[in-house]
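Q: One structure, as structure tokens, below. Some questions next.
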Amino acid sequence: MDESKKYLSPNSIVLFIILIVLSLALYFLLVNLNHDEEQNELLDLTEIGKLKVKVLNGCGYPGVAQTVTHILIERGIDVISLGNADKFIYKKTIIVRKRPDEAKLRYLMDLTGIKRHISAYSDIEFADFYLIVGNDYKTYFK
């Protein structure tokens with residue numbers, strides 16, 4: 001067997017390296033563009049107005065509603081009241097949507113990381129959302 005056929009030529013190696021570098025550059029460019037679009041979408045959602053949230057302790061740990069309230073206020077949320085849920089049975093934290101505003105819901109979900117939500121619309125409720133704090137609250141509020 002001819003020795004020259006066992007190895008790649010120097011030109012082939014250079015071409016291979018250039019292709020790898022270009023592929024990596026394209027990948028990072030696309031990832032960065034996607035990240036910028038997500039950030040712009042979140043910034044646009046801030047124009048929806050203040051979110052009015054009622055925080056309810058659903059897990060029974062003393063002081064958890066106050067702790068979550070302070071964190072939400074630091075994140076720019078208008079907490080209009082806090083208290084206890086009817087029962088301390090919530091293992092998972094949940095957002096209760098009181099108005100059919102999808103943009104505000106997405107914003108609150110992005111801001112807190114909470115994906116679990118239900119709808120219980122009310123024309124007489126002042127809050128946009130109830131946030132019922134479950135046993136898993138440390139996952140979202142540290």
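Q: Looking at G60, G76 in this structure, which one is surrounded by fewer than 17 Cβ atoms within 10 Å (Cβ to Cβ), modelled with pLDDT of 95 or more and assigned by TED's automatic domain parsing to the domain that holds E125?
A: Sole residue among the options that is surrounded by fewer than 17 Cβ atoms within 10 Å (Cβ to Cβ), modelled with pLDDT of 95 or more and assigned by TED's automatic domain parsing to the domain that holds E125: G60.
Q: Of all residues in segment 92-142, which are more than 20 Å from C59 (Cα to Cα) and touching a Ser or Thr at 6+ places or on another chain (Cβ under 7 Å)?
A: Matches in segment 92-142: K98 only.
Q: Still on this structure, I have one more. So, K87, is that one over 18 Å from T139 (Cβ atoms) and buried (at least 20 other Cβ atoms within 10 Å of the Cβ) or not?
A: no
Q: Condition (residue is part of a helix (DSSP H, G or I), at pLDDT below 95, in contact with a helix residue (DSSP H, G or I) (Cβ under 6 Å, 6 or more places away or on another chain) and of a type outside the set (S, T, N, Q)) applied to segment 131-141: is it met by at least one residue?
A: Looking through segment 131-141, none of the residues is part of a helix (DSSP H, G or I), at pLDDT below 95, in contact with a helix residue (DSSP H, G or I) (Cβ under 6 Å, 6 or more places away or on another chain) and of a type outside the set (S, T, N, Q).
Q: Go over the candidates Y130, Y121 one by one and state the one that is in contact with a strand residue (DSSP E or B) (Cβ under 8 Å, 6 or more places away or on another chain), surrounded by fewer than 17 Cβ atoms within 10 Å (Cβ to Cβ) and closer than 19 Å to G49 by Cβ. Give the steps one after another, and end with the answer.
A: Working: Y130 fails: surrounded by fewer than 17 Cβ atoms within 10 Å (Cβ to Cβ).
Selected residue: Y121, the only one of Y130, Y121 that is in contact with a strand residue (DSSP E or B) (Cβ under 8 Å, 6 or more places away or on another chain), surrounded by fewer than 17 Cβ atoms within 10 Å (Cβ to Cβ) and closer than 19 Å to G49 by Cβ.
Q: Then there's this: Restricting to segment 60-84, count the residues that are in a loop (DSSP other than H, G, I, E, B) and among the β-branched types (V, I, T).
A: First pass over segment 60-84, keeping only residues in a loop (DSSP other than H, G, I, E, B): 60-63, 75-77.
Pick out the ones that are also among the β-branched types (V, I, T) and you get 77.
The qualifying residues number 1.
Q: Also, I was wondering about something else. Quick check on G49: is it at pLDDT 95 or above and on the phi > 0 side of the Ramachandran plot? Steps first, answer last, please.
A: Working: at pLDDT 95 or above: no; on the phi > 0 side of the Ramachandran plot: yes.
The answer is no for G49.
Quick grid of which residues meet (1) closer than 20 Å to I73 by Cβ; (2) touching a residue at least 40 places away in the same chain (Cβ under 8 Å):
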position: K92; (1), (2): no, yes
position: K98; (1), (2): yes, no
position: K104; (1), (2): yes, yes
position: L111; (1), (2): yes, no
position: R116; (1), (2): no, no
position: D123; (1), (2): no, no
position: F126; (1), (2): yes, yes
position: V133; (1), (2): yes, yes
position: K138; (1), (2): yes, no
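Q: Of the residues that sit in segment 85-104 and are outside any strand (DSSP E or B), at pLDDT 95 or above and under 17 Å from the mean Cα position of the chain (by Cα), which one is farthest from T69 (Cα to Cα)?
A: K92
Q: While we're here: Under 6 Å between Cβ atoms, at least 6 apart or on separate chains: pull out the pairs that start in segment 60-85 with a residue that is farther than 16 Å from Y107 by Cβ and end on any residue that is surrounded by fewer than 17 Cβ atoms within 10 Å (Cβ to Cβ) and of a type in the set (F, W, Y).
A: Short answer, once both residue conditions are applied: G60/F88.
The values are calculated or read from the model by the stated rules, or taken from the named source; none is laboratory data. These numbers were taken from a predicted model, which means no experiment stands behind them. Cβ sites come from the backbone with ideal geometry, for glycine too, and all protein chains shown count toward neighbours.
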